[in-house]
Amino acid sequence: MSPRTLAASGAASLLVLSLTACAPFEEAVERLAYGAITGTFSYEELDRDAPFAGSPAEDYGEGFPVPEAEPVGSFDAEQVAEAYDTTRALLEAVYLNEEAVFDENNSELTGLLSGRPLEWYLDNLGNEDPELSSRHVPFNLSPGTAEPVGDVVKVDGWMRAEAVTGEQPWEYLMVATEYTIVHPIARPGKPVSMRLVTSHFGGVEFYELSDGSLEAWPTWWRTVGPAHCLEDQYTFTPAFPDDFPEGEHPRGRPRDAYDLEASRDVDECGAVEGT
């Protein structure tokens, strides 16, 4: 496994999966020994003036553009347009708000939720059952572990409105979402940097209330890498190139971190490469 072969971990929770990036122990020792001999301990993976250069993210866009709204099932075009706009706002609050990503400040997200979804989110933040916890909704790095490189986040993917009939005999509107999201990050104050790649799945369910308004329930999950496979942790701890492995060690053959389809069913700590 090369120094750029990372690892991927999946927590066995309803909506949380995480990737981890750990080079083998021997490689970490070799890197430290080389640094001790040469006096250089820079682990810059990125050109900080062009942090996406040489990666698939170089050709990605920015933000979460919405499709043209058309009627879906019993929902008219105006309702679908509202659902698209709400979904975009939620995604931006989760992935593009630096205070949320790097400082665990999710106030923009909570400001977009209301009614029962907001009550559920606040009541279950501390739920120890991963099947019930609402900590899967935000995307937070462990505070103090990383800082952004530049102010651009690259995004590739889509959203699509669908009419769904669930176990109950009524129809709801689902905005399905699938994205690859790439954050260039660095260890705070240190010459160590890399790209953090998130594979996002799921979407937002919209239920029509008696007054005609739509109630939004985010129901998404993600895989993230390179990050350490740490048990019972809902924030993501980036695994920088000079890190020793923490938590569970990766298993299996490495997969392409930018391969969204390959990330869909990750359920254990496995290997990734090519971030």
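The values are calculated or read from the model by the stated rules, or taken from the named source; none is laboratory data. Remember, predicted model here, so these are calculated numbers, not experimental data. Neighbour counts are summed over all protein chains in view; Cβ atoms, including those assigned to glycine, are modelled from backbone coordinates with ideal geometry.
Do we find a residue being assigned to a loop (DSSP other than H, G, I, E, B), crowded, with 23+ Cβ neighbours inside 10 Å and not acidic (Asp, Glu) anywhere in the stretch 247-257?
Yes.
Looking only at residues in the stretch 160-205 that are aromatic (Phe, Trp, Tyr) and in contact with a helix residue (DSSP H, G or I) (Cβ under 9 Å, 6 or more places away or on another chain), which one is farthest from Val66 (Cα to Cα)?
Per the criteria, the residue is Phe201.
Among the candidates Gly157, Gly150, the residue that is assigned to a loop (DSSP other than H, G, I, E, B) and under 23 Å from Ala227 (Cβ atoms) is uniquely Gly150.
Filtering the stretch 228-241 to residues that are part of a strand (DSSP E or B) and modelled with pLDDT under 90 leaves only Cys229.
Residues of the stretch 46-102 being in contact with a helix residue (DSSP H, G or I) (Cβ under 9 Å, 6 or more places away or on another chain), part of a helix (DSSP H, G or I) and closer than 18 Å to Val155 by Cβ, which ones? The answer is Thr86, Ala89, Leu90, Glu92, Ala93, Val94, Tyr95, Ala100, Val101.
Note on the stretch 40-65: residues that are crowded, with 19+ Cβ neighbours inside 10 Å and closer than 20 Å to Gly203 by Cα total 1.
Quick one: is Gly212 surrounded by fewer than 21 Cβ atoms within 10 Å (Cβ to Cβ), more than 24 Å from Asn140 (Cβ to Cβ), more than 15 Å from the chain's Cα centre (by Cα) and touching a residue at least 60 places away in the same chain (Cβ under 8 Å)? Judged against the criteria, Gly212 is not a match.
For Glu268, the conditions (1) in contact with a Lys or Arg (Cβ under 7 Å, 6 or more places away or on another chain); (2) closer than 20 Å to Leu46 by Cβ; (3) in a loop (DSSP other than H, G, I, E, B) all hold with the exception of (2).
Scanning the stretch 193-213 for residues that are assigned to a strand (DSSP E or B), over 23 Å from Ala271 (Cα atoms) and of a type in the set (Ser, Thr, Tyr) returns a single hit, Tyr207.
When restricted to residues that are modelled with pLDDT of 90 or more and touching a Cys at 6+ places or on another chain (Cβ under 8 Å), the stretch 242-269 contains 0. Applying the set (1) in contact with a helix residue (DSSP H, G or I) (Cβ under 9 Å, 6 or more places away or on another chain); (2) at negative phi; (3) touching a residue at least 24 places away in the same chain (Cβ under 8 Å) to Asp256 leaves exactly one unmet item: (3). The residues of the stretch 174-192 that are part of a strand (DSSP E or B) and either among the β-branched types (Val, Ile, Thr) or at pLDDT below 95 (or both), listed by number, are Val175, Thr177, Thr180, Ile181, Val182, Ile185, Val192. Looking across the stretch 147-170, the residues that are surrounded by fewer than 17 Cβ atoms within 10 Å (Cβ to Cβ) and among the aliphatic types (A, V, I, L, M) come down to Val152, Ala163, Val164.
Would you confirm, using the coordinates I've provided, whether Glu70 is out of contact with any Lys or Arg (no Cβ under 9 Å at 6 or more places or on another chain), modelled with pLDDT of 50 or more and not hydroxyl-bearing (Ser, Thr, Tyr)? Answer is yes for this residue. The residue that is modelled with the highest pLDDT, among those in the stretch 153-172 that are more than 27 Å from the chain's Cα centre (by Cα) and among the charged types (D, E, K, R), is Glu171. Residue-level check: of (1) in contact with a helix residue (DSSP H, G or I) (Cβ under 8 Å, 6 or more places away or on another chain); (2) in a helix (DSSP H, G or I), Ala216 misses just (2). Search the stretch 242-267 for residues being over 29 Å from Pro191 (Cβ atoms) and hydrophobic (A, V, I, L, M, F, W, C), and hand back the single one that is farthest from the chain's Cα centre (by Cα). Top of the filtered list is Ala262.
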